[in-house]
Amino acid sequence: MNDRDQIINNNNQPDELSEHIKVRLDKLTSMLKDNKNPWGLRYEKTHDNLDVITRFEQLEGSEVSLAGRIMAIRGHGKATFVDLVDRSGKIQLHVKADLLGEERYHEFSTYDLGDIIGIKGTVFKTKRGEVTVQVKECTFLTKALRPLPDKFHGLKDIDMRYRQRYVDLMVSPEVRDTFIKRTKIIKAIRNYLDNLGYLEVETPVMHTLAGGAAAKPFVTHHNALDMTLYLRIALELHLKRLIVGGFEKVYEMSRVFRNEGISTRHNPEFTMIELYEAYSDIDGMMELTENMVASVANEVLGTKKISYQGQEIDLTPPWTRISMLEAIKKYANLDLSGDLSDAEALKLAKEHHLEIEPSWTYGHVVNGFFEKYCEEKLIQPTFVYGHPLAISPLAKKDEKDPRFTQRFELFIVGREHANAFSELNDPIDQKQRFLDQLKEREAGNEEAHVMDEDFITALEYGMPPTGGLGIGIDRLVMLLTDQPSIRDVILFPHMRPKE
RNA sequence: GAGCCAUUAGCUCAGUCGGUAGAGCACCGGACUUUUAAUCCGGGCGUCCGGGGUUCGAAUCCCCGAUGGCUCACCA
């Protein structure tokens with residue numbers, strides 16, 4: 001039995017399909033019976049819809065060939081108006097029986113919302129002034145068996161928007177725009193770094209050790225080698241090996257995976273860029289960050305002043321710089337700069353009702369105060385620098401105060417957007433830091449870093465002083481496209497399977 | 001993982017005090033050759049998220065479950 005017979009047969013059987021689908025299957029069946037192809041062939045377009053509209057003066061009266069999806073039909077007996085939507089947008093078609101012929105016009109009248117057609121016709125303007133194509137020829141390209149959502153309200157059901165993004169994209173131009181902007185932002189970043197002489201590289205996604213960040217990895221298994229592998233949680237350690245190798249300026253913009261909770265700011269797989277520049281440092285990374293983000297905003301949005309969920313954000317460099325201790329002084333009215341013992345720090349944390357982990361030391365307490373009292377206050381772009389050593393096992397120590405590191409995090413609208421440091425290039429210190437992390441791990445911190453012996457070996461060959469930076473691309477896209485949830489900037493966000 | 005809220009026609013939503021299901025769009029039939037959320041006439045759509053319970057009677061009240069949203073937790 002071939003496909004055609006199968007469809008005709010199936011359609012003869014009563015089933016539980018909705019009226020809409022039955023009607024469309026009936027139309028499909030009659031097309032097949034009439035030897036009309038409902039699944040179309042290659043079609044030659046001469047223009048995108050938007051071209052015809054923007055270049056109307058030149059194109060008026062001439063013939064164009066367009067293709068797209070039927071999104072609205074306004075019938076008037078022997079003539080019909082149709083909205084045809086392609087990647088560039090909507091254009092109106094006018095189809096007349098006397099121009100197309102009675103038979104072809106009747107056939108046209110059986111087309112449904114959602115069907116995909118190609119047309120040839122001449123460009124004109126209606127009485128009301130809308131650029132329209134008078135259809136002379138129409139080619140059926142693809143049958144839609146399911147009805148479209150409400151043409152006026154569109155698709156509102158958030159669950160369905162994420163699960164069936166194709167429907168969302170079909171009916172929501174603003175969703176399409178967001179994802180087009182996402183691509184432009186990513187291209188602008190690549191462009192910016194390429195122009196500075198950075199080399200884009202690819203490093204392994206499957207790791208034998210999940211290092212470079214404090215996070216739980218996804219675990220998988222290689223059958224032939226019979227070994228456990230982890231999906232990467234960061235790009236860091238491989239990229240720094242490439243700095244040892246002599247590339248000097250490298251970046252990778254790609255997916256990382258963290259086995260953690262899901263929220264409006266967290267998707268299990270997300271896109272990060274990490275870049276490393278030999279002979280630079282934390283200050284170089286600050287300058288690069290503010291200049292790059294401002295430049296990308298300007299290129300994609302045409303402005304450095306943006307609005308995020310009603311808040312005005314000014315991305316014009318230079319951005320505010322404040323140390324973590326100063327921030328705590330400012331927002332929590334607490335001076336933690338003195339020589340506090342771990343016990344004293346913990347006592348203070350308890351007094352302020354911080355949730356404490358058993359493995360915590362002075363440095364963790366400082367970070368705890370910062371997270372509780374400061375993060376949400378940092379609305380305008382702010383570099384917070386001087387992170388405690390205990391939470392920064394890959395960063396160089398602050399030469400003046402070895403309890404802290406040459407590290408910054410960037411906060412905008414109260415959220416972390418970037419993380420950077422002068423990279424630790426002392427293999428002996430690095431080994432000790434990993435050992436300290438292992439102790440934390442034993443104390444119950446599942447997210448503590450793991451020991452990476454080969455990375456130590458790489459450092460033993462000598463890594464130049466280096467500045468490194470990581471930016472969460474999804475969060476940056478959220479910021480620049482004014483989207484409230486990370487799911488609004490990821491085409492297919494992770495969802496629990498239904499049922 | 002916890003709390004709160006939501007789930008009704010293809011889509012967007014209403015549904016009173018517990019009395020047996022509604023609108024707009026879409027769809028079906030008809031009219032209509034410059035409309036544009038086209039208009040006009042006619043038509044009926046349904047596992048009220050799923051399962052159990054209370055009740056003479058449940059979309060509505062109670063319990064369990066599913067999925068989603070928000071907040072919190074987790075997450076540098």
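Structure notes:
- Only a single criterion out of (1) touching a residue at least 60 places away in the same chain (Cβ under 8 Å); (2) more than 10 Å from RNA strand B (Cβ to nearest atom) is not satisfied by A:E442, namely (1).
- Of everything listed in (1) among the aliphatic types (A, V, I, L, M); (2) within 16 Å of RNA strand B (Cβ to nearest atom); (3) modelled with pLDDT under 95, the single unmet condition for A:L32 is (2).
- Within the range A:123-162, the residues that satisfy the criterion of being closer than 22 Å to A:S65 by Cβ and within 10 Å of RNA strand B (Cβ to nearest atom) are A:F124, A:K125, A:T126, A:E130, A:V131, A:T132, A:Q134.
- Members of the range A:130-175 that are in contact (Cβ under 8 Å) with a residue 24 or more places away in the chain and of a type in the set (K, R): A:K136, A:K143, A:R146, A:K151, A:R163, A:R165
- Taken together, A:H76, A:H20 contain a single residue that is surrounded by fewer than 16 Cβ atoms within 10 Å (Cβ to Cβ) and closer than 22 Å to A:P149 by Cβ, which is A:H20.
- Filter result (out of contact with any His (no Cβ under 8 Å at 6 or more places or on another chain), farther than 15 Å from A:G472 by Cα, part of a loop (DSSP other than H, G, I, E, B) and touching a residue at least 24 places away in the same chain (Cβ under 8 Å)) within the range A:250-292: A:N259, A:Y279, A:S280, A:D281
- You will find that of A:F421, A:F404, the residue that is within 10 Å of RNA strand B (Cβ to nearest atom) and of a type in the set (A, V, I, L, M, F, W, C) is A:F421 and no other.
- Options A:R4, A:R55; residue that is modelled with pLDDT under 95, farther than 17 Å from A:P147 by Cβ and either surrounded by 10 or more Cβ atoms within 10 Å (Cβ to Cβ) or within 16 Å of RNA strand B (Cβ to nearest atom) (or both): A:R4
- Every residue from the range A:72-107 that is more than 9 Å from RNA strand B (Cβ to nearest atom), under 26 Å from A:R176 (Cα atoms) and out of contact with any helix residue (DSSP H, G or I) (no Cβ under 7 Å at 6 or more places or on another chain): A:V85, A:R87, A:L93
- Considering (1) within 13 Å of RNA strand B (Cβ to nearest atom); (2) of a type in the set (D, E); (3) surrounded by 15 or more Cβ atoms within 10 Å (Cβ to Cβ), the lone condition that A:E371 does not fulfil carries the number (3).
- Of the strands (runs of 3 or more DSSP E) lying entirely inside the range A:351-445, those containing at least 1 residues that are within 16 Å of A:A213 (Cα to Cα) span A:407-412, A:415-422.
- Criterion: out of contact with any Cys (no Cβ under 6 Å at 6 or more places or on another chain), in a loop (DSSP other than H, G, I, E, B), within 16 Å of RNA strand B (Cβ to nearest atom) and within 23 Å of A:E287 (Cα to Cα) - qualifying residue of A:A215, A:A234, A:A210: A:A234
The values are calculated or read from the model by the stated rules, or taken from the named source; none is laboratory data. What you see is a predicted model; the values in this text were computed from it and never measured. Backbone-built Cβ (ideal geometry, glycine too); neighbour counts: all protein chains shown.
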